[in-house]
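Quick notes on the structure that follows.
The values are calculated or read from the model by the stated rules, or taken from the named source; none is laboratory data. The shown structure was predicted, so the numbers you read here are calculated from the model rather than taken from an experiment. Cβ sites come from the backbone with ideal geometry, for glycine too, and all protein chains shown count toward neighbours. For accessibility, only protein heavy atoms count, side chains too; no ligands or nucleic acids. Shrake-Rupley method; radii C 1.70, N 1.55, O 1.52, S 1.80 Å.
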Amino acid sequence: MSKVSAIILAAGKGNRMGKDINKQFLYINNKPILSHTLKIFSENRLINEIILVAAEGEVEYCEREIIKKYDIKKVSFVVKGGIDRQDSVLNGLEAIKDCDIVLIHDGARPFVTNSIIEDGIKYTKLYGAASCGVTPKDTIKIKNQLNFSVHTPHRHELFCVQTPQCFEYNTILYCHKKLKEDKIKVTDDTMVAEHYGHKVYLYEGSYNNIKITTPEDLVIGDQILKSIK
Ligand code: CTP
Ligand code: MG
């Protein structure tokens, strides 16, 4: 049996939400967003441990007001995040003692499902790296700096990536360390693997697996939760 760890990222500031607290502490259906996310991972039969990455001043708050209060099991460590998301991921990876497969997931995506988690593990065993996502619903344009459309890729070539993004642990740890050394900026972890020549398998996530980012996502999130409970 492979040992599987999940890194849950919660160390962002939530600037686009425009509230004076970290967006992951806001409530959906009477519980903090982060507690919904952690609960799914903690109750999944294939997840052995959780590493929660929290902002420097919010580690104790997470331990008391999220993990203890909502009785979240399997959390091995709560570690401090960094300035950028990629720094937070590296802190999470370095906190893991040993594992075979690691899932990296945004704390702000509370509607991930057991099947998305389990497919990620399955495809990582087959291909070494995998990310869920969905086909975009809109037509996507490539534009130039003057805001003129220059090209329209076919929808079947496009994929909106979500999380979890799943990797063989040793590979992604090595790539993230190298990324820091090479001073390269990325916006997600599939880019890290790709940059160093690793293939990432893309599999179907769900249109419900949204990242709570701006205030209207709270309203949508409320409806999603009602529809799946
Ligand atoms: N994140 C993190 N550490 C950072 C930045 C982001 O752990 N330094 C986490 C966030 O907490 C979130 C996930 O990465 O769960 C995705 O990031 P995003 O949605 O951009 O969240 P924020 O950075 O908090 O939001 P914003 O960009 O609007 O400030
Ligand atoms: Mg951000």
remark   = Considering the stretch 26-47, residues that are of a type in the set (S, T, N, Q) and farther than 16 Å from Leu103 by Cβ, and then whichever is most open to solvent (accessible area, probe 1.4 Å), we arrive at Asn30
task = Return yes or no: is Cys99 open to solvent by less than 60 Å² (accessible area, probe 1.4 Å), touching a Phe, Trp or Tyr at 6+ places or on another chain (Cβ under 9 Å), away from ligand 1 (no atom under 14 Å from the Cβ) and part of a loop (DSSP other than H, G, I, E, B)?
result = yes
query = What is the residue count in the stretch 172-195 for residues that are crowded, with 17+ Cβ neighbours inside 10 Å and either without any contact (Cβ under 8 Å) to a residue 60 or more places away in the chain or within 15 Å of Leu103 (Cα to Cα) (or both)?
reply = 10
Scan of the stretch 1-41 for residues that are part of a strand (DSSP E or B), under 20 Å from Glu94 (Cβ atoms) and out of contact with any His (no Cβ under 8 Å at 6 or more places or on another chain), ordered by number = Val4, Ser5, Ala10
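Out of Leu173, Leu179, I need the residue that is more than 15 Å from ligand 1 (Cβ to nearest atom), in contact with a helix residue (DSSP H, G or I) (Cβ under 7 Å, 6 or more places away or on another chain) and either modelled with pLDDT of 95 or more or over 14 Å from Leu90 (Cβ atoms) (or both). Which one?
Leu173
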inquiry  = When you scan the stretch 28-37, do you find a residue that is within 16 Å of ligand 2 (Cβ to nearest atom) and touching a Ser or Thr at 6+ places or on another chain (Cβ under 8 Å), even just one?
reply    = no
remark   = Within the stretch 68-93, residues more than 12 Å from ligand 1 (Cβ to nearest atom), assigned to a helix (DSSP H, G or I) and open to solvent by 50 Å² or more (accessible area, probe 1.4 Å) come out as Lys68
ask   = From the set of residues in the stretch 53-67 that are buried (at least 17 other Cβ atoms within 10 Å of the Cβ) and farther than 30 Å from Leu179 by Cα, which is farthest from ligand 1 (Cβ to nearest atom)?
value = Ile67
message = Looking only at the stretch 1-25, filter to residues that are among the hydrophobic types (A, V, I, L, M, F, W, C), open to solvent by 10 Å² or more (accessible area, probe 1.4 Å) and farther than 14 Å from Arg109 by Cβ; which one of those is farthest from ligand 2 (Cβ to nearest atom)?
response = Met1
request  = Answer yes if at least one residue in the stretch 121-135 is open to solvent by less than 50 Å² (accessible area, probe 1.4 Å), in contact with a Pro (Cβ under 6 Å, 6 or more places away or on another chain) and closer than 18 Å to Phe41 by Cβ, and no otherwise.
outcome  = no
query = When you go through (1) without any contact (Cβ under 8 Å) to a residue 60 or more places away in the chain; (2) within 16 Å of ligand 2 (Cβ to nearest atom); (3) of a type in the set (Lys, Arg) one by one for Lys97, which number turns out not to apply?
reply = (2)
remark   = Okay, strands (runs of 3 or more DSSP E) sitting entirely in the stretch 130-229 with 3 or more residues that are among the polar types (S, T, N, Q) and closer than 20 Å to Ala10 by Cβ, I get 160-168
request  = Being under 23 Å from the mean Cα position of the chain (by Cα) and among the basic types (Lys, Arg) is the filter here, so list the residues in the stretch 125-169 that pass it.
outcome  = Lys125, Lys137
